[in-house]
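The values are calculated or read from the model by the stated rules, or taken from the named source; none is laboratory data. Note that the structure is a prediction, hence the values are computed from the model and not measured. With ideal geometry, Cβ positions are generated from the backbone for all residues, glycine too; neighbour counts draw on all protein chains shown. Note: areas computed on protein heavy atoms with side chains; ligands, DNA, RNA excluded. Shrake-Rupley method; radii C 1.70, N 1.55, O 1.52, S 1.80 Å.
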2 protein chains.
Amino acid sequence: MTLHESRIDTDAAASRHAHVNLLGTPVEPLASERRGVSVADVSLSASGFWGQRQAVNAAATFEHCAAWMEKLGWIENFDRIARGEPTVDRPGWAFSDSELYKLLEGMAWELGRQYDPLLADRFAGLVSRVGAAQDPDGYLDTAFGHDGLPDRYSDLSMGHELYNMGHLLQAAVARVRTVGIDDELVSIGQGVADHICTEFGADARDGICGHPEVEVALAEFGRAVNEPRYVAQAALFVARRGHGSLPVRPLLSAEYFQDDVPVRDATVLRGHAVRALYLTAGAIDVAIDTNDSQLFAALESQWLRTLERRTYLTGGMGSRHEDEGFGDDYELPDDRAYCETCAGVASVMVAWRLYLATGKVEYVDVIERTLFNVVATSPAADGTAFFYANPLQQRVLGESAHDGVNMRAEGGVRAPWFDVSCCPTNVARTLASLGAYSASVEGDTLALLQYSEGRVSAGGFVLDVATRYPDDGVVTVTIEAAPEGEATLRLRVPSWAAGARIARSGASVEAVEPGWADVRSVFAPGDVVTLHLPIEPRLTWPDPRIDAVRGSVAVERGPLVLCVESTDLPAGAAIDTVRLDVSRLPEAHGDGAQAAAVARTFADSGSAILPYGRRGANGGSTPFQLLFVPYHRWAERAPSTMRVFIPTTEGDRRAL
Amino acid sequence: MTLHESRIDTDAAASRHAHVNLLGTPVEPLASERRGVSVADVSLSASGFWGQRQAVNAAATFEHCAAWMEKLGWIENFDRIARGEPTVDRPGWAFSDSELYKLLEGMAWELGRQYDPLLADRFAGLVSRVGAAQDPDGYLDTAFGHDGLPDRYSDLSMGHELYNMGHLLQAAVARVRTVGIDDELVSIGQGVADHICTEFGADARDGICGHPEVEVALAEFGRAVNEPRYVAQAALFVARRGHGSLPVRPLLSAEYFQDDVPVRDATVLRGHAVRALYLTAGAIDVAIDTNDSQLFAALESQWLRTLERRTYLTGGMGSRHEDEGFGDDYELPDDRAYCETCAGVASVMVAWRLYLATGKVEYVDVIERTLFNVVATSPAADGTAFFYANPLQQRVLGESAHDGVNMRAEGGVRAPWFDVSCCPTNVARTLASLGAYSASVEGDTLALLQYSEGRVSAGGFVLDVATRYPDDGVVTVTIEAAPEGEATLRLRVPSWAAGARIARSGASVEAVEPGWADVRSVFAPGDVVTLHLPIEPRLTWPDPRIDAVRGSVAVERGPLVLCVESTDLPAGAAIDTVRLDVSRLPEAHGDGAQAAAVARTFADSGSAILPYGRRGANGGSTPFQLLFVPYHRWAERAPSTMRVFIPTTEGDRRAL
């Protein structure tokens, strides 16, 4: 890849301003051979997997989040700053402002996707309350810098001021890219960005924020409004990191903040997972826009090692609760997996940037895995309750869902809101902008990256996509309009889809390997290209260095990780005594991407004072049918105990 | 067991006070069929395993701890209170007072064991600095209740005032039992105990301390000075707990404080491990002294379930870092095992009380396991560095030992001191009083419970014990004096010692089963009883519900858990690729309780973007000899990666 190819122009974008295009995309590298598509150009059908979630997000989640933030006073915090009231008893953590900004970002993408006057009013009302709290010099924060509050930037480690303003800039990016720069939120954002450059510029305060976010935000806002100073400020924040400048305290080490090693010298992601991933996304943006190929190579290498040794089967990241952080290599316990929903969102941000820069299909595979098995797992079907952590094993029944704020990031049930409530709004902004990640354009090639029922207009194509994916593996693409002359329609064949086939109307069926399946042709309206992905359930084995799931196996089906829930077990069978018979492959079962396999339970020999002793042979139960259901819907029917990796009948010698 | 048998009189104890005996023991239940022996009556030889550690403790650890506490100002805190200085910038956590008290307790037992005028002076000097800080009403704390500090008892959850005073009472117990009640520290303790009863009595403040300790301390101090009010106050604290009275906050739930369920209704230990165990010890004391057999049964049942499902092979307890707590049943990851040294000390406290109450040999087995594999693991050979957490697996090399305070409870190297430094002084007081746990008297039976070279005078016997245990399994007991008439010498045969034999001079060798081996006789000076315990290395398999070590096996030798350290691996072999061939048993190797077995390493197949995929067969290395060394000495030669449980060649299918 050459980083500095010239920007690909798009005639699909309108412009209300000389140097700003309404690209409709969250990420626009200064130089790239490929770009995503506009949120306006992808219409996901409400009958498809993602379209349905997008509809629930718009219909329920936005207002749910706004109502909680009103109820808890997190929005009132802005009003109190605007009124100049002392705020000694300010409710919420220092980062509560960011929740409103992430909600605004989600609303902005939603409005760009599909205009709704009621939502537009709600959005405008919230923006004006935010704007009223902005200081004349652009500073904007409700937890510092005003009467009754600590001084500005007096706690860079944990104060989250730059983090908050970063999220505001991300919301402003969504506005620039969908309505242009003549917008109240964009103006607020410009004030914020200018303030940050003044306060933290090369000749000013030599500081960084404990929670990265401002880097990725400044870079993209700079791209969006064509202001290189903002990108340069992002580069400065990236370069300053890793020199131990942030004060540490017990459990909050330099590693926690990624302040232990300079970004370009690190070998793997470490410390707090969301921080590490946001930082990586911003550093990639900086590397691309400053043509820093050495930094880019370092970041891609860190990412690959992180995938190879510190990532769960679901795509989830973060295996330690105590610092919400990455563990050591191969430290991937299913039961204590943290796999924060926000880390899933952030992983998609990183993988998307790397895909745009390299075109590697593996990164799109990772995005699919993470979307289906982390991001889709968090929200309840009605969009008003969420998982914060996404473990792959639940040993005890969760407490019944309740209406109150959940203090804990775990518990086996989705909660309406959290004391630290970063995940719901992160899901909301991701779902609203999802279309932009579902296809890309590269020269005369339109690549379909994610499959969900809907319509895509890009690269001169208008495509109707019909599919029940992931419940079914058939994706039927009907060309409704095509560019003049020869062009390529590129379909992603996921890494698991050995045996995939592709058929074009009037041509014979061809086998395709995992990777890219390119159909190059002069297309005509009415042409149909059909992709057949085999979604028979399959066994997936862990690397032998992952101690936590040794002797165990998972069942996947298509892009979905499946799981076993106690809800589906025979009466009297405890989930930790189930053993899978792997001499027979699991089979597809019923609707909805389920699978069934043969299992036994072992009898509890009991009685030893400690759970260690001589090798014994316990009699196992008679075989029974074990049902596997999509992991992303676990605990939806009722609180359950659950496992993704199931020990096999050969996995331990005292079992059967 | 009948709880209210009358107290067994001892003629071995002198008395300086009408109702106080110099029993020399840490625990004296109001009613018990058996009692421990005086620290003065057990002399452990410095050439034996425990005697050597006791000597290092006295020669190095006491002064090491005192020097750190002086250096950090934790002792000066008392002087500042005494001088009435404002203490806004008080150094140390709220519980730093307790470190001095635990050190004083250790010194007191040491003085009771073996008088040393220099140590006595040092002790007296420290006691007088403590005493000078006591308020007229008995209250004693340097972090609350004085000028510049928060009010007394304004943070019962985390303020640790009662916890601190509890440790002071434990030190006072050591004085009553070794020098009697006419002692400055005992007087301070009486003031403290009276203050607590006044402040928290039945008609006064309805509070409990977030960190249990005052319960076990008040009970024992009440026993020691014959003051039932103190025991009643302990009972009141136990009864008040479990009703959610302590304010909680994120990560510090009611469960963390054992304030979620009343003590008598709980089914298992949970929450912060040290808190849970100290509480259990105190509640057992209360149950015994108030003849509350229902409470006692609940506590024993909780303990058994905890052993069966929440205890590591080492005897270690606590599998979560984020709250230093117990995990769910069978959640026992080796790599993230917390197994705090203090939890090991506290587990011995619980097991000892249950042994005194029930006479069950299993509880003494647990004490031995915990002493050798948790308590002995913590201190470095020179007694001036310590492990705080005791994981059973170390994935990355620890950072080199340094002279500074270690902020973290982990890291793979022993540290001289900690920011939260509870463990060093807990080890110190345990080693100083260890003799008291090594034998017990029950009627005309003297039971030898722990084996270490030395001399025991109790129950009318004087015994010389010669043994290289645990490096060797032969324990030779020579009777130097014996009671008149028939008596029983009882020897413990550990649960692992199948095939043990016992021989009495002039009699034939007899096989004995694990449990108690009783020799009943009219003994005469010169009689010799020899116990032969088989200490061949053995394989120990985990319960199939422990996911973290499925497909893996441990090697034990006698009472010692062994481990593999990277230090001993062939060049180029990474510890996470080692696989044990269990078709051959490990064999004894060299000196010092080592073992050797046959192993292979597997080749890294690498290259997958995620560590999950199809089942593969990798070529393994040629077999090599794998060395196992005692776990309690790991990381002593150099920082190392380490494992206790080793995957077997049959444990995962991609391995070999």
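Give me a single rounded figure for A:321-331: the average over its residues of other chain Cβ atoms within 10 Å of their Cβ.
Partner-chain Cβ atoms within 10 Å, mean over residues of A:321-331: 4.
Work out the length of the dipole vector of the protein assembly as shown about its Cα centre, built from +1 on the beta-carbon of each Lys and Arg and -1 on the beta-carbon of each Asp and Glu, and round it to the nearest 20 debye.
Computed charge dipole of the protein assembly as shown: roughly 2940 debye.
Under a Cβ-only charge scheme (Lys and Arg +1, Asp and Glu -1), can you give me the dipole magnitude of the stretch A:152-265 about the Cα centre, in debye to the nearest 20? Intermediate results must be reported in sequence, preceding the final value.
On the way: 10 positive and 17 negative charges, 21 e Å.
Its charge dipole is roughly 100 debye.
How crowded by other chains is A:306-318, given as the mean number of beta carbons from other chains within 10 Å of each beta carbon?
Across A:306-318, the average partner-chain Cβ count within 10 Å equals 2.
Can you list the residues, at least 5 places off or on another chain, whose amide H is less than 5 Å from the amide H of A:Phe418, using H built in the peptide plane?
Here A:Asn406 satisfy the definition.
Express in whole angstrom the spacing between the alpha-carbon centres of the stretch B:488-540 and the stretch B:127-156.
When both Cα centres are located, 53 Å separates them.
Over the stretch A:540-647, what relative contact order in percent results from Cα pairs under 8 Å that are six or more residues apart?
It comes to 38 percent, rounded to a whole number.
Could you list which residues have their amide H under 5 Å from that of A:Gly318, counting only those 5 or more apart in sequence or on another chain, with H placed in the peptide plane?
A:Gly327, A:Cys339
As a test of understanding, state the convex hull volume per residue of the stretch B:301-410 from its alpha carbons, in Å³. Please list the in-between numbers first.
Working: hull volume 11.9 nm³, N = 110.
Spread over its residues, the Cα hull of the stretch B:301-410 gives 108 Å³ apiece.
Total accessible area buried between chains A and B, 1.4 Å probe, in Å² to the nearest 100?
Heavy-atom accessible area buried at this interface is about 5700 Å².
Per residue, how much accessible surface does chain B expose to a 1.4 Å probe? Answer in Å², no decimals. The partial results should precede the final answer.
Values: 21130 Å² over 656 residues.
Per-residue accessible area for chain B comes out at 32 Å².
Check which residues have an amide H placed less than 5 Å from A:Cys563's amide H, if you skip close sequence neighbours.
Distant-sequence amide H within range of A:Cys563: A:Val629, A:Tyr631.
Considering only DSSP beta bridges with both partners in the stretch B:371-499, what is the antiparallel share in %, to the nearest 5?
75
To the nearest µm²/s, what D does Stokes-Einstein give for the stretch A:439-532 at 4 °C and 1.567 mPa s, using the Kirkwood radius over alpha carbon pairs as Rh? Write out the running numbers ahead of the final one.
Details: Rh = 13.1 Å.
So the translational diffusion coefficient is about 99 µm²/s.
Determine the dipole magnitude for the stretch B:538-647: charges of +1 sit on the beta-carbon of Lys and Arg, -1 on that of Asp and Glu, nothing else is charged, the reference point is the Cα centre, and the result goes in debye to the nearest 20. Could the numbers behind the result be given before it?
Working: 12 positive and 11 negative charges, 67 e Å.
Magnitude of the dipole: close to 320 debye.
Quick one: of the DSSP bridges fully inside chain A, what percent are antiparallel, nearest 5?
Here the antiparallel bridges make up roughly 90 percent for chain A.
Given labels modelled 7 Å from the Cα in the Cβ direction, how far is it in nm from A:Glu486 to B:Asp182?
11.1
If you count, for each residue, the other Cβ atoms within 10 Å and average over each peptide, how do B:502-512, A:223-233 line up from highest to lowest?
Highest-to-lowest ranking by the protection proxy: A:223-233, B:502-512.
How far is A:Trp516 from the same spot in each other copy, in nm, shortest first, if each label point sits 7 Å from Cα toward Cβ?
8.0
Roughly how crowded by other chains is peptide A:336-344, in terms of the mean Cβ count from those chains within 10 Å of each of its Cβ atoms?
Mean inter-chain Cβ contacts per residue within 10 Å come to 1.
For A:Asp194, place a label point 7 Å out from Cα along the Cα→Cβ vector, do the same in each other copy, and report the separations in nm, one decimal, smallest first.
Counterpart label points of A:Asp194 in the remaining copies fall at 7.3 nm.
Per residue and in cubic angstrom, what volume does the convex hull of the Cα atoms of the protein assembly as shown have?
Looking at the protein assembly as shown, the number lands at 172 Å³ per residue.
Students often forget the sequence filter, so: which lysines lie under 28 Å Cα-Cα from B:Lys71 once same-chain residues fewer than 8 apart are removed?
B:Lys102
Among B:Gly244, B:Asn77, B:Ser43, flag the residue with its Cα farthest along the positive direction of the charge dipole of the stretch B:35-437, charges on Cβ as +1 for Lys/Arg and -1 for Asp/Glu.
About the Cα centre, the residue reaching furthest to the positive side is B:Ser43.
Would you be so kind as to identify which of B:Thr290, A:Thr641, A:Thr577 lies farthest towards the positive end of the dipole of the protein assembly as shown, taking Lys and Arg as +1 and Asp and Glu as -1 on Cβ and the Cα centre as origin?
The one lying farthest along the dipole's positive direction is A:Thr577.
Quick check on the stretch A:46-437: of the DSSP beta bridges with both residues there, what percent are antiparallel, nearest 5%? If you can, show how the numbers build up before the last one.
On the way: 6 of 8 bridges.
Around 75 percent of the beta bridges assigned by DSSP in the stretch A:46-437 are antiparallel ones.
What ranking, highest mean first, results for peptides B:202-210, A:349-357 when packing means the other Cβ atoms within 10 Å averaged over each residue?
Working: B:202-210: 16.2, A:349-357: 24.7.
Result, highest mean first: A:349-357, B:202-210.
Of the listed peptides B:330-343, B:561-574, what is their order by residue-averaged count of other C-beta atoms within 10 Å, with the highest listed first? Before the final figure, lay out the partial values.
On the way: B:330-343: 26.1, B:561-574: 18.4.
Packing order, densest peptide first, comes out as B:330-343, B:561-574.
Measuring from a point 7 Å out along Cα→Cβ, what nm distances, shortest first, does B:Ala588 have to its partners in the other copies?
Listed shortest first, these distances are 6.3 nm.
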